[in-house]
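The values are calculated or read from the model by the stated rules, or taken from the named source; none is laboratory data. All values derive from a computational prediction rather than experimental measurement. As a convention, Cβ positions derive from the backbone with ideal geometry for all residues, glycine included, and neighbour counts pool all protein chains shown. All accessible areas refer to the heavy atoms of the entire protein, side chains included, with ligands and DNA or RNA removed. Shrake-Rupley method; radii C 1.70, N 1.55, O 1.52, S 1.80 Å.
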Amino acid sequence: MSQEGEEEENDHLLFGGVDVVELAERYGTPLYITDENKIRDNFRSYKKAFETVDNDIYFAVKANGNLAILRILAQEGAGADVFSGGELQLVKLAGIPLDKVLFNGNSKSEEELRAAVESQVKVSVDSREELQTLSAVAVKMDEEAEIAMRVNPDVSPKVNPKIATGLRTSQFGIPYNEIIAAYEEAAKLPNIVIKGIHCHIGSQILDISVFKEATEKMMQLVEGLYERGIELEFVDLGGGLGISYQKEKEVAPTPKDLADMILPTFEAKMESLGSNLKLILEPGRSIVGPASILLSRVNTVKQAYKNFVAIDAGFNLFLRPVMYDAYHEVVVANKLNEQASVLSTVAGQVCESGDIIAKDRMLPPVKRGDFVAILDAGAYGFSMSSQYNVRPRCAEVLVHDGAVDLIRTKESVEDVIRTQVVPERLR
Ligand SMILES: *Cc1c(COP(=O)(O)O)cnc(C)c1O
């Protein structure tokens with residue numbers, strides 16, 4: 001079971017032209033491995049798909065916050081969607097232009113609002129209360145705050161409820177029927193400059209018809225605003241395009257498919273308004289998801305209730321299976337050509353029965369020391385990692401046409417416990 005575009009040499013998995021078993025020997029395991037070309041290709045396919053309209057692609061930093069990866073995207077011309085003051089700092093370090101950054105979030109601190117205004121990035125306003133706070137912050141700083149309203153469009157993508165963000169019941173955004181009033185309020189508030197409108201309806205969306213519905217609803221709001229003399233510069237339709245985790249069952253929609261779903265409505269409305277709006281999209285998963293694997297080593301194989309293959313990575317490094325019941329393909333990276341003949345369940349090494357990475361899969365016979373690669377691990381992988389069980393986080397490498405760069409060193413136990421303090425009286 002090899003991935004697209006990959007050839008098998010001996011029986012080791014090649015990723016980005018590099019034998020991953022050699023990477024394991026050189027850098028240790030667990031190890032996140034990212035293919036630079038895949039990231040560039042994925043980004044470019046968005047630019048190509050939307051080239052008929054003025055567009056910007058804002059990478060959703062929470063999907064993968066590695067600086068080297070953000071540098072690659074900056075080189076490609078990406079903007080960024082950030083969700084915290086920390087992510088804002090990260091994109092500055094990566095050299096993403098601040099006029100292509102949108103600061104999102106349903107619970108921004110005043111400090112974060114100040115940082116956004118100070119950095120002159122656009123703020124996606126998530127409530128009318130926040131709108132007033134932002135205005136007050138901007139007045140105090142004697143600066144202007146550029147805004148878009150985060151619309152809750154009340155659409156329902158068929159995805160895991162934990163990642164459906166545009167439901168009427170979700171905590172994100174301003175209710176659809178209050179949006180016009182919120183803009184009218186914003187237009188009167190001091191130091192607030194209205195720039196655009198924003199929504200993000202969910203993640204891992206495979207049935208993309210919901211994007212058409214969202215676009216129609218958003219463009220209807222735009223029209224309503226124009227009728228009231230409120231003009232915009234951009235419409236941001238968020239991210240959410242799904243990828244194919246389960247190759248045999250799921251076909252991933254492409255950015256071109258997304259463009260075909262969005263653009264007719266978007267362009268028709270622009271024409272009827274006689275206005276030229278910029279279209280912004282905020283993909284995260286579809287840019288970085290397929291571009292990384294998590295390589296692990298097998299610690300134990302145990303025939304118990306099931307045939308358990310226990311690896312040296314768990315939900316401390318890779319939360320998605322536990323958090324979202326996510327399916328990820330796994331391959332035995334040093335036995336690619338061996339017959340998949342044993343029903344196996346790949347377990348992590350965290351002290352919880354829920355720490356199962358892959359359930360009931362046919363794998364070649366595995367023994368201690370073999371390598372298991374978890375595929376499509378680049379989105380919400382490392383970025384959701386923790387130090388649970390006092391396990392230091394692992395290293396990351398970037399592969400590029402057969403060459404390798406270290407892009408994150410592994411943590412030490414010292415790193416994990418450094419911030420703890422034992423009071424004098426307990427010593
Ligand atoms: C998470 C998020 C995204 C990215 O979603 P993907 O499914 O990874 O494309 C985009 N915009 C906002 C506001 C988000 O919260």
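Tell me, please, whether a residue that is in contact with a Phe, Trp or Tyr (Cβ under 9 Å, 6 or more places away or on another chain), open to solvent by 10 Å² or more (accessible area, probe 1.4 Å) and not in a helix (DSSP H, G or I) can be found in the stretch 115-123.
Step one: filter the stretch 115-123 for residues in contact with a Phe, Trp or Tyr (Cβ under 9 Å, 6 or more places away or on another chain), giving 115-116, 119, 121-123.
Then drop every residue that is not open to solvent by 10 Å² or more (accessible area, probe 1.4 Å), which leaves 115, 119, 122.
Okay, now just the ones that are also not in a helix (DSSP H, G or I), so 122.
Taking every residue of the stretch 115-123 in turn, at least one turns out to be in contact with a Phe, Trp or Tyr (Cβ under 9 Å, 6 or more places away or on another chain), open to solvent by 10 Å² or more (accessible area, probe 1.4 Å) and not in a helix (DSSP H, G or I).
Among the residues of the stretch 124-161 satisfying the criterion of being over 17 Å from Ser107 (Cβ atoms) and within 12 Å of the ligand (Cβ to nearest atom), which is most open to solvent (accessible area, probe 1.4 Å)?
Among those residues, the one meeting the criterion is Asn160.
Wholly within the stretch 207-296, which helices (runs of 4 or more DSSP H) include no fewer than the required count, namely at least 3 residues that are within 28 Å of Asp401 (Cα to Cα)?
Working: elements: 209-227, 255-273, 285-288.
Helices (runs of 4 or more DSSP H) meeting the threshold: 285-288.
Could you list all residues from the stretch 206-227 that are within 10 Å of Gly166 (Cβ to Cβ) and of a type in the set (A, V, I, L, M)?
If the condition is that a residue be within 10 Å of Gly166 (Cβ to Cβ) and of a type in the set (A, V, I, L, M), then Val210, Ala214 are the ones that fit.
Do the conditions hold for Asp360, that is, is it buried (at least 19 other Cβ atoms within 10 Å of the Cβ) and either under 23 Å from Ser385 (Cβ atoms) or in contact with a strand residue (DSSP E or B) (Cβ under 7 Å, 6 or more places away or on another chain) (or both)? Break it down stepwise before answering.
Values: buried (at least 19 other Cβ atoms within 10 Å of the Cβ): no; either under 23 Å from Ser385 (Cβ atoms) or in contact with a strand residue (DSSP E or B) (Cβ under 7 Å, 6 or more places away or on another chain) (or both): yes.
No, not satisfied.
Determine whether Glu25 is among the acidic types (Asp, Glu) and away from the ligand (no atom under 16 Å from the Cβ). Full working, then the answer.
Details: among the acidic types (Asp, Glu): yes; away from the ligand (no atom under 16 Å from the Cβ): yes.
The answer is yes for Glu25.
Tell me, which residue of the stretch 287-320 that is in contact with a Phe, Trp or Tyr (Cβ under 8 Å, 6 or more places away or on another chain) and hydroxyl-bearing (Ser, Thr, Tyr) is most open to solvent (accessible area, probe 1.4 Å)?
Here the answer is Thr300.
Within the stretch 244-283, restricting attention to residues that are under 30 Å from Lys359 (Cα atoms) and either aromatic (Phe, Trp, Tyr) or open to solvent by less than 10 Å² (accessible area, probe 1.4 Å) (or both), which residue is farthest from the ligand (Cβ to nearest atom)?
Quick first cut of the stretch 244-283, residues under 30 Å from Lys359 (Cα atoms) only: 244-254, 283.
Still in the running and either aromatic (Phe, Trp, Tyr) or open to solvent by less than 10 Å² (accessible area, probe 1.4 Å) (or both): 245, 283.
Numbers: Tyr245: 13, Pro283: 4 Å.
This residue is Tyr245.
Give me a count of the residues in the stretch 418-427 that are more than 16 Å from Tyr388 (Cβ to Cβ), open to solvent by 100 Å² or more (accessible area, probe 1.4 Å) and assigned to a loop (DSSP other than H, G, I, E, B). Give the derivation first.
Of the residues in the stretch 418-427, the ones more than 16 Å from Tyr388 (Cβ to Cβ) are 418, 421-427.
Next, only the ones that are open to solvent by 100 Å² or more (accessible area, probe 1.4 Å) stay: 418, 421, 424-427.
If we keep only those that are assigned to a loop (DSSP other than H, G, I, E, B) as well, we get 418, 421, 427.
Within the stretch 418-427, residues that are more than 16 Å from Tyr388 (Cβ to Cβ), open to solvent by 100 Å² or more (accessible area, probe 1.4 Å) and assigned to a loop (DSSP other than H, G, I, E, B) number 3.
Pairs under 7 Å by beta carbon, first residue in contact (Cβ under 8 Å) with a residue 24 or more places away in the chain and open to solvent by 60 Å² or more (accessible area, probe 1.4 Å) in the stretch 386-404, partner in a loop (DSSP other than H, G, I, E, B) and of a type in the set (A, V, I, L, M, F, W, C), six or more apart or different chains?
Hits for this filter: Tyr388/Val350; Asn389/Val350; Asn389/Cys351.
Could you look through the stretch 211-243, keep only residues that are small (Gly, Ala, Ser) and on the phi < 0 side of the Ramachandran plot, and pick out the one that is nearest to the ligand (Cβ to nearest atom)? If you could, list the steps in order and put the result at the bottom.
From the stretch 211-243, those small (Gly, Ala, Ser) are 214, 224, 229, 238-240, 242; that's our starting set.
Cutting the leftovers down to on the phi < 0 side of the Ramachandran plot gives us 214, 224, 239, 242.
Details: Ala214: 12, Gly224: 22, Gly239: 3, Gly242: 8 Å.
Checked the stretch 211-243; the qualifying residue nearest to the ligand (Cβ to nearest atom) is Gly239.
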